[in-house]
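Peer 1: Quick one: the structure is below, questions incoming.
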């Protein structure tokens, strides 16, 4: 076994140590989960929902504790952390209530002597691997529907957010879950690869496209269910006639909230040529008021790690080397750390370059212009990703046409590029996912499969 040092991006200080398990430990966790599958499945949807409700109640009681943990391990502002806890709680209540919704249907048959029932059954053991950017919602989006569907789960959090995962696992002990139903696997990338390569029945992953690609390759030939929610390179498209007063704040938040560490961040700003100068003047003026740093009153916190900060700065340097102009915005707060970076607006980057097409996952937005509707659509669809988009216009017909033409999983009209709510299905296309969705009641269908039972009966005259 090896250890993982837990370092806070708020102050670069180590605040804990976690154990990285051996191969044998991965096998032991899998066996615990496997042994609990029958017990958990036989409880039924309603009783499983009641167990999840206990988790939500306990999470409500510990809301502030969890928010403080998330702030320490991610560096994000406390209000943002609290909002994420609330989102996890609300989603949990939604899924727990779904335990009372009918999970089967009766189908007509060609003979009156045949009764046909279609109902939902679990896959078995679900391996859940999540990213660091929004820890509690990520845990909730995968764990709750997987458990309600009757699977036992093995949650593998990011090695950068282990403390919140440990606190999350304590909720299941407090709620009295049967042994082996919820299992936490602490470790690094190698641990995740061991888990994916093990004999699990379902793999669900939130993270980068490259990580999702590796998972699909590791699962090749295993005939198991794979759920992938991957990255994004999301456009915010601004047409003439947009409401600038609302638009500016939504655009700034799309680009820089959560320090740009969102798969749904607005990392590309597409502006009609006729309003580009006027819009950018207001956008940069508003973005320049962001208070960046680790002080309690900061509106934008640090990135998750020094490595992430270095990668972000390297990306900006590459943009400059290709002739782009990088304009820094924001104000430095009274406290700072090595993980903190100043947000950036990137001008004059070739839209066909690799730097334009890749995901940034940091507080930077690339600016492009267009003259026609078709050009805006081509630019929007011109990356390998297809997660979200935002369209700003007062023309409803234009919004409908462009929304229909965009290749992505979510389109917000006159809103931000992010902001999918807990009861919405969320997933992307192309490099942003494999057609599966997290969140919403539909997520229960992702973690279960259909079983048909027919009953042939005699009819007595």
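Peer 1: Give me the extension gain from residue 199 to residue 297: residue separation times 0.36 nm, minus the current Cα-Cα distance, reported in nm with one decimal.
Peer 2: Stretched fully, the residue 199-residue 297 segment lengthens by 30.6 nm.
Peer 1: OK, next. How far is the Cα center of the range 89-162 from the Cα center of the range 2-24, in Å?
Peer 2: Here the answer is 30 Å between Cα centres.
Peer 1: Please express the Cα-Cα pair-distance distribution P(r) of the range 407-461 as a list of whole percents, one per 5 Å bin, running from 0 to the bin with the greatest distance.
Peer 2: That works out to 4, 15, 17, 19, 11, 7, 6, 5, 5, 4, 4, 2, 1, 0, in percent per bin.
Peer 1: What FRET efficiency, computed as 1/(1 + (r/R0)^6) with R0 = 25 Å and r the Cβ-Cβ distance, is obtained for residue 224 and residue 100, rounded to the nearest 0.05?
Peer 2: 0.25
Peer 1: Over all directions, the average projected area of the alpha-carbon convex hull for the range 83-141 comes to how many nm²?
Peer 2: In nm², the orientation-averaged hull projection of the range 83-141 is 6.1.
Peer 1: Give me the percent of DSSP beta bridges within the range 24-166 that run antiparallel, rounded to the nearest 5.
Peer 2: Counting DSSP beta bridges with both partners in the range 24-166, the antiparallel share is about 45 percent.
Peer 1: Follow-up. Using the basic label-point model (7 angstrom from Cα toward the beta carbon), what is the residue 289 to residue 109 distance in nanometres?
Peer 2: Inter-label distance under the simple model: 6.8 nm.
Peer 1: A follow-up question, please. Assuming a viscosity of 1.567 mPa s and a temperature of 4 °C, what translational diffusion coefficient in µm² per second does Stokes-Einstein assign to the range 1-123, Rh being the Kirkwood radius over Cα pairs?
Peer 2: Result for D is 70 µm²/s.
Peer 1: Which whole-angstrom value gives the distance between the alpha carbon centres of the range 311-334 and the range 268-294?
Peer 2: Comparing the Cα centres of the range 311-334 and the range 268-294, I get a distance of 15 Å.
Peer 1: I would also like to ask the following. Quick check on packing: order 371-380, 98-107 by the mean number of other C-beta atoms within 10 Å, highest mean leading.
Peer 2: Ranking the peptides 371-380, 98-107 by packing returns 371-380, 98-107.
Peer 1: Return the tail of the calculated pair distribution for the range 234-413, meaning the percent of Cα-Cα pairs more than 29 Å apart.
Peer 2: 17
Peer 1: Nearest 10 degrees is fine. How inclined is helix 396-405 to the longest principal axis of the chain, computing both from alpha carbons?
Peer 2: That works out to roughly 70 degrees.
Peer 1: Report the normalised scattering of the range 257-351 as log10 I(q)/I(0) at q = 0.15 Å⁻¹, calculated by the Debye formula with identical scatterers on the alpha carbons.
Peer 2: Values returned for q = 0.15 Å⁻¹ are -0.65.
Peer 1: What does the highest-first list of 39-47, 69-77, 215-223 look like by mean Cβ count within 10 Å?
Peer 2: 69-77, 39-47, 215-223
Peer 1: Could you tell me which label, among [x] -0.31, -0.41, -0.81; [y] -0.48, -0.63, -1.09; [z] -0.38, -0.49, -0.89, carries the value of log10 I(q)/I(0) by the Debye sum over Cα atoms at q = 0.07, 0.08, 0.11 Å⁻¹ calculated for this structure?
Peer 2: Computing log10 I(q)/I(0) by the Debye sum over Cα atoms at q = 0.07, 0.08, 0.11 Å⁻¹ and matching it to [x] -0.31, -0.41, -0.81; [y] -0.48, -0.63, -1.09; [z] -0.38, -0.49, -0.89 gives [z].
Peer 1: Ranking request for peptides 23-30, 431-438: highest mean number of other beta-carbon atoms within 10 Å first, then the rest in descending order.
Peer 2: 431-438, 23-30
Peer 1: While we're looking at this one, here's another question. Give the value in nm², to one decimal: projected area of the alpha carbon convex hull of the range 76-221, averaged over all directions.
Peer 2: Quarter of the Cα hull surface area: 11.7 nm².
Peer 1: Here's something else I'd like to know. Among 93, 139, 385, which comes first, second and so on when ranked by fewest other beta-carbon atoms within 10 Å?
Peer 2: Listed from fewest to most nearby Cβ atoms, that is 93, 139, 385.
Peer 1: What does DSSP give for the range 234-413 in terms of the percent of beta bridges that are antiparallel, rounded to the nearest 5?
Peer 2: 15
Peer 1: Hey, another quick one. Indicate the gyration tensor shape class of the range 1-59 (rounded, prolate or oblate), computed on the Cα atoms with a ≥ b ≥ c the square roots of the eigenvalues: a/c under 1.5 is rounded; otherwise a/b larger than b/c is prolate and the rest oblate. Don't skip to the answer; put the middle values down first.
Peer 2: Working: a/c = 6.31, a/b = 1.54, b/c = 4.11.
Oblate shape, in that a/c is at least 1.5 and b/c is the bigger or equal ratio.
Peer 1: Another question about this same structure. Evaluate the distance, in nm, between pseudo-label points positioned 7 Å from the Cα of residue 282 and of residue 450 along their respective Cα→Cβ axes.
Peer 2: 4.9
Peer 1: Same structure again: Any chance you could run the full-extension gain for residue 28 through residue 190? It's 0.36 nm times the residue separation minus the Cα-Cα distance, nm to one decimal.
Peer 2: So the extension gain works out to 56.7 nm.
Peer 1: What 222 nm value per residue comes from the helices of the chain, counting each DSSP H run with n ≥ 4 as -39,500 (n - 2.57) and dividing by all residues, nearest 500 deg cm²/dmol?
Peer 2: Roughly -12000 deg cm²/dmol at 222 nm, from the helical runs in the chain.
Peer 1: More than 20 Å apart: what percent of Cα pairs in the range 317-461 qualify?
Peer 2: Everything past 20 Å amounts to 64 percent.
Peer 1: Restricting to bridges with both residues inside the chain, how much of the DSSP beta-bridge set is antiparallel, in percent to the nearest 5?
Peer 2: On the way: 27 of 67 bridges.
In the chain, approximately 40 percent of DSSP beta bridges are antiparallel ones.
Peer 1: For q = 0.20, 0.21 Å⁻¹, what log10 I(q)/I(0) does the range 149-288 give under the Debye formula with an equal point scatterer on each alpha carbon and no solvent?
Peer 2: Normalising to I(0) and taking log10 leaves -1.15, -1.23.
Peer 1: Also, quick follow-up: Could you let me know the centre-to-centre spacing of the range 416-452 and the range 364-401, using Cα atoms, in angstrom?
Peer 2: 23
Read-outs throughout are calculated quantities, based only on the coordinates presented, and are distinct from any laboratory measurement. The structure presented is a predicted model; accordingly, all values stated were derived computationally and were not measured. No Cβ is skipped: glycine too gets one built from the backbone with ideal geometry, and neighbour counts run over all protein chains shown.
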